Amino acid sequence: MADSSQPAWPGTVLPGVFPQAGYLDMAVNLFGDHISRFPEGQDSYGEYRLLRAETGLLVGYGPWARGEVRLEAIRSAGAQSLFGVDQNSMVLRVKRAWAGLGLNFSGFRVEVQGGMVFDPWVEAVQSGYDYRGISALITERGEFYDAADLGAKLMFSGWGGLLEVALGFANGEGRNQVEQNHGKNITGVVTIRPWMPMLFGQPAALGIVLAARDGSLGAGSVRNNRYSAALTFRSARVHGGVEYAFADGYLGRAARTSDGLGLWAGGTLFGGWFGLFARYDRINLDYGLDDAVHMRVTSGVYTDPIAALVRGMAPGFARLHLLYERETFGDGAGAIAGAGDISNEHRFMVRLDLNFNFRLWRQ
């Protein structure tokens, strides 16, 4: 029986196969690295980092009911602060916590979820993205979307994953704040997969994702609308895609417009022993400023020895990456206005990414 936490086809959000009775799955995701930084005009330095530490449980009963609790470790201080809990210790917080009811009928599925739910845009695009351990989506990292929010989500899937539709209703304040105004974020996402071939003996999928959001943020109900599109391709050996988001209202300012563009490509050779990856990200932080562009280019190689040794039978992967990254800021995008060059940097990273899903119990 297929793992209920995994889609039946690459890139699909809703599972295609469910056990007919109770089940309990556990997910573990860890990645950390050593990074060597070479800022322009400054001394180089290095540091060890834990970039993600997550674990979660997914419980369900057949296709009718399921729920998830997922915890993540984060630094307790905010992005602009050095002081949090016990200086800047890592603390656990809820990343997602939701319960859902679903129904399968004649090859279609309808599901409703409530709680701290996965953002429908991030979920749809990330399901067709195989390199989260290297970089988050630009639409998430650039704060166009938060990965989860308090609210409800209605989802529909049909024709074997050819079409998926999600409609989300959320507070709009993300994971780290309670509701601040009377408005609600309404997000609609449509995913179409016009091509789902078998490649290299495994299923593959081309996905087209379109989204729009009517949103507000903060006590002042600041306009926070989004218009987004993505094209993804995911298979056993070759991956690629492009994502774009336009923000009408950005980072708490209604009059601020911004956009973000991300492109990626990668693939594996020799049965998983060797992989290549490249990604380009660009954010125009404010259309009202001259040269407010922030760019990042990431490239590297990786190996996935577990996948290579067991030929796809492992419940996850362990990837070791060697990465180079170049980040630049325009004069209107750097930490100090008019002096973007002081934020420019070259980076070299050695990163380990562990991602596993286990079936703990099945009735």
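No lab work stands behind these numbers, since they all come straight from the coordinates. Predicted model, so just to flag it, every value in this text is computed and none were measured. Cβ: placed from backbone, ideal geometry, glycine included. Neighbour counts: every protein chain shown.
List of remarks:
- Other residues within the sphere of radius under 11 Å centred on the Cβ of Ala219, judged by their own Cβ, net out at -2 (K and R +1, D and E -1).
- Here region 55-103 and region 147-167 have alpha carbon centers that stand 20 Å from each other.
- Per principal axis, descending, Cα span of region 221-284 in whole Å: 52, 16, 14
- Here is the list for region 235-333: trypsin sites (Lys or Arg not before Pro) lying in DSSP coil, each with at most 13 other C-beta atoms within 10 angstrom of its C-beta, are Arg311.
- Residue with peak Gaussian network fluctuation, the chain [Cα springs, cutoff 10 Å], from Leu58, Leu24, Leu82: Leu82
- P(r), alpha carbons of the chain - 10 Å bins starting at zero, rounded %: 5, 22, 34, 28, 10, 2, 0
- Remark: region 32-40, residue by residue, has Karplus-estimated 3J(HN,Hα) of x, 7, 10, 10, 9, 9, 10, x, 5 Hz, where x stands for each Gly or Pro and the curve is 6.51 cos²θ - 1.76 cosθ + 1.60 at θ = phi - 60°.
- Look at Glu327, Glu243 and count the other Cβ atoms within 10 Å of each Cβ; fewest to most, that gives Glu327, Glu243.
- Cα-based convex hull volume of region 88-139 per residue, rounded to whole Å³: 126 Å³
- Globularity ratio of region 244-363, using Cα Rg and 2.2 N^0.38 Å: 1.44
- Couplings 3J(HN,Hα) of region 155-166, computed from phi: 10, 9, 9, x, 6, x, x, 4, 9, 9, 10, 9 Hz, in residue order, whole Hz [Karplus 6.51 cos²θ - 1.76 cosθ + 1.60, θ = phi - 60°; x for Gly and Pro].
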